[in-house]
Amino acid sequence: MIISEDEIRQIAVNLLKVHNIDTSSAIDIKELIKLSGKKISWMVADLKGINGFTCYNTNKDSYRMFFDESLINNCPARLNFTMAHEFGHIMLNHFSDLDNSILMHYEKERAANIFVDELLMPTVQVMKYKLNAWEISETYNVSLTAAYNKIRYMKQNSLYKKERAIATALNIINRHHVPVYSFDFKLVEALRDHWLDPDYSVL
């Protein structure tokens with residue numbers, strides 16, 4: 001079963017909260033995997049150009065991640081991303097009908113990428129500090145490409161929309177000095193319209 005983008009992002013957010021992970025700096029994905037309580041191990045091998053994949057042992061309910069040796073010394077940011085991506089497949093229960101992630105279809109790959117986006121570059125933190133792509137890359141130890149994609153697609157991000165809706169509501173309340181309990185119909189309509197518009201800006 002494919003779950004919504006919002007549910008995927010909430011799984012990542014809750015995972016960070018449950019384990020009290022500091023989201024103001026790079027997420028230690030290896031430590032988070034250990035804290036998850038899942039039976040997950042990993043090894044490095046020559047994967048002939050494949051960045052990484054995961055195999056699932058149904059009998060032991062355990063996972064083994066494999067990563068290409070070229071990532072270890074040459075691309076630490078890519079290794080983090082790949083490890084988080086494979087972890088996403090596990091946390092999103094993508095192995096219910098498969099025993100390895102090589103065969104995952106597009107929807108599951110996209111879901112794992114959304115998980116990575118939220119796990120490694122937490123939306124609320126990026127918004128709070130108004131980070132640009134370079135700052136995201138430096139702060140969270142991700143590639144500039146991943147950071148640029150975070151900025152490029154953030155307005156479509158469900159958490160971004162929620163945070164903006166809250167900011168708009170608070171702005172309207174503060175500007176009109178209207179207690180929450182005494183909203184009139186026009187104000188409620190305005191809030192709803194702004195929330196439904198993905199490109200709205202704070203009034």
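Of all residue pairs spaced 6 or more apart or on separate chains, those with beta-carbon atoms under 7 Å, a first member in the stretch 26-52 that is small (G, A, S) and a second member that is surrounded by fewer than 15 Cβ atoms within 10 Å (Cβ to Cβ) and not in a helix (DSSP H, G or I) are A45/E69. Checking the structure you have, find out if any residue of the stretch 146-167 is in contact with a Leu (Cβ under 7 Å, 6 or more places away or on another chain) and at pLDDT below 95. No: zero hits.
Could you pull out the residue among A146, A169, A77 that is within 12 Å of the chain's Cα centre (by Cα), of a type outside the set (S, T, Y) and in a helix (DSSP H, G or I)? It would help to see each step written out before you state the result.
Values: A169 fails: within 12 Å of the chain's Cα centre (by Cα); A77 fails: within 12 Å of the chain's Cα centre (by Cα).
Of A146, A169, A77, the one residue that is within 12 Å of the chain's Cα centre (by Cα), of a type outside the set (S, T, Y) and in a helix (DSSP H, G or I) is A146.
Say whether the condition of being under 14 Å from the mean Cα position of the chain (by Cα), free of Cβ contacts under 8 Å to residues at least 40 places away in the same chain and either within 23 Å of Y140 (Cα to Cα) or not in a helix (DSSP H, G or I) (or both) is met by at least one residue in the stretch 64-74. Checked against the condition, which is being under 14 Å from the mean Cα position of the chain (by Cα), free of Cβ contacts under 8 Å to residues at least 40 places away in the same chain and either within 23 Å of Y140 (Cα to Cα) or not in a helix (DSSP H, G or I) (or both), the stretch 64-74 yields no hits at all. Residues that are in a helix (DSSP H, G or I) and of a type in the set (D, E, K, R) within the stretch 7-45 comprise E7, R9, K17, K30, E31, K34, listed in sequence order.
Of all residues in the stretch 16-72, those that are surrounded by 15 or more Cβ atoms within 10 Å (Cβ to Cβ) and either over 22 Å from H94 (Cα atoms) or of a type in the set (A, V, I, L, M, F, W, C) (or both) total 19.
Return the total of residues in the stretch 134-149 being surrounded by fewer than 19 Cβ atoms within 10 Å (Cβ to Cβ) and of a type in the set (A, V, I, L, M). Adding up the residues that qualify gives 1.
The values are calculated or read from the model by the stated rules, or taken from the named source; none is laboratory data. Just so we're clear, the structure is a prediction, and the values are computed from it rather than from any experiment. Here Cβ is always computed from backbone atoms with ideal geometry, including for glycine, and neighbour counts include all displayed protein chains.
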